[in-house]
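Structure first, then comments.
Here, each number is a calculation from the coordinates, and none is a lab measurement. Please read all numbers here as calculations on a predicted model, not as lab measurements. Using ideal geometry, Cβ is built from the backbone for each residue, glycine included, and neighbour counts are taken over all protein chains shown.
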Ligand SMILES: C[S@@+](CC[C@H](N)C(=O)[O-])C[C@H]1O[C@@H](n2cnc3c(N)ncnc32)[C@H](O)[C@@H]1O
């Protein structure tokens with residue numbers, strides 16, 4: 001595995017205790033409903049009534065602190081989560097216990113860039129979902145391993161639903177303050193490396209310093225790697241989660257935030 005991918009894994013492990021305070025404001029239930037809407041409209045998932053009779057098996061790949069797990073379970077899916085960060089997984093277990101106290105959680109630690117580590121899940125899932133731009137967090141050298149892992153987990157005909165970003169106009173540069181409590185703030189500084197087409201994000205607060213890297217692979221490269229791992233692009237749209245009435249539209253030259261649905265062939 002590339003050292004920079006490893007660096008991101010270490011970053012998320014140390015950032016995990018702060019993650020809910022920094023990113024906890026998203027309406028994860030609404031986001032899941034939006035993804036479900038497109039899956040239903042495109043005929044990629046059974047209706048809610050059918051899902052209640054037989055729940056499709058869904059893996060949240062890189063589930064982090066588990067913010068999306070309960071919403072998928074509520075929508076009629078049999079949910080499993082996987083992440084590399086043990087601290088993220090502890091938060092996910094607590095969150096699951098809070099919202100679904102009578103159901104045991106299924107949460108596992110694995111590195112999605114090491115397909116052999118999840119070999120026992122071969123063909124086990126109807127859906128894999130990855131929220132919050134997982135492909136951008138992986139060094140391009142390790143993308144084939146990520147696609148291999150996802151492909152291995154899916155049964156033939158299953159789908160991987162994943163959001164990701166590209167850079168078109170707005171370079172991800174600048175500074176922003178994030179409150180993690182009434183008194184503690186984190187400063188995020190984003191810088192773009194034009195040569196390697198990567199964004200380096202540094203975080204600094206009273207007790208925390210960390211650095212994560214985002215890469216922006218070309219869509220054609222992603223789709224080529226996908227096909228090499230039996231994943232065929234079924235649908236790609238621009239995703240605008242804040243436009244609740246119409247969160248999707250066709251991809252345009254200016255589209256930066258995408259939702260891709262790959263099918264296992
Ligand atoms: C931006 S967070 C997103 C968490 C969650 N999906 C969400 O949207 O709230 C990225 C997560 O991906 C996990 N991750 C990154 N690379 C991974 C890998 N190779 N294998 C497993 N987990 C990974 C990190 O540990 C972290 O929890």
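One table, with the values for the structure above:
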| item | result |
| --- | --- |
| Potential extension, residue 10-residue 218 segment - 0.36 nm per residue separation minus Cα distance | 72.3 nm |
| FRET E, pair residue 209, residue 2, Förster distance 22 Å, beta-carbon r, rounded to 0.05 | 0.50 |
| 5 Å binning of all Cα-Cα separations within the chain, expressed as whole percents from 0 upward | 1, 6, 12, 17, 20, 19, 14, 7, 3, 1, 0 |
| Selected from 154, 36, 187 as most flexible by GNM, with the chain as the system and alpha-carbon contacts under 10 Å | 187 |
| Gained length - residue 201 relative to residue 168, 0.36 nm times residue gap less alpha-carbon distance | 10.0 nm |
| Residue of 11, 127, 147 that the Gaussian network model of the chain assigns the largest fluctuation, springs spanning Cα pairs under 10 Å | 11 |
| Range of Cα positions in the stretch 1-116 per principal axis (Å), largest first | 44, 30, 25 |
| For the stretch 15-94 and the stretch 211-225, distance of Cα centres in Å | 23 Å |
| Tensor-based shape of the stretch 28-77 (alpha-carbon gyration tensor, a/c under 1.5 rounded, otherwise prolate or oblate) | prolate |
| Projected-area mean, the stretch 54-145, by convex hull of Cα positions, square nanometres | 6.1 nm² |
| The stretch 148-208: mean projected area of Cα convex hull, nm² | 7.5 nm² |
| Candidates 184, 138, 225: whichever shows maximal mean-square fluctuation once the chain is modelled as a Gaussian network with Cα springs under 10 Å | 184 |
| Antiparallel DSSP beta bridges within the chain, percent to nearest 5 | 70 percent |
| Debye intensity ratio I(q)/I(0), log10, the stretch 82-222, q values 0.12, 0.20 Å⁻¹ (C-alpha model) | -0.66, -1.30 |
| Rounded if a/c under 1.5, otherwise prolate or oblate - the stretch 153-265, Cα gyration tensor axes | prolate |
| Gained length - residue 189 relative to residue 253, 0.36 nm times residue gap less alpha-carbon distance | 20.3 nm |
| Mean ellipticity per residue at 222 nm, deg cm²/dmol - from DSSP H runs of n ≥ 4 across the chain, formula -39500 (n - 2.57) | -8500 deg cm²/dmol |
| Zero-based 5 Å bins, Cα pair distances in the stretch 108-185, whole percents | 3, 12, 17, 20, 14, 9, 10, 9, 5, 1, 0 |
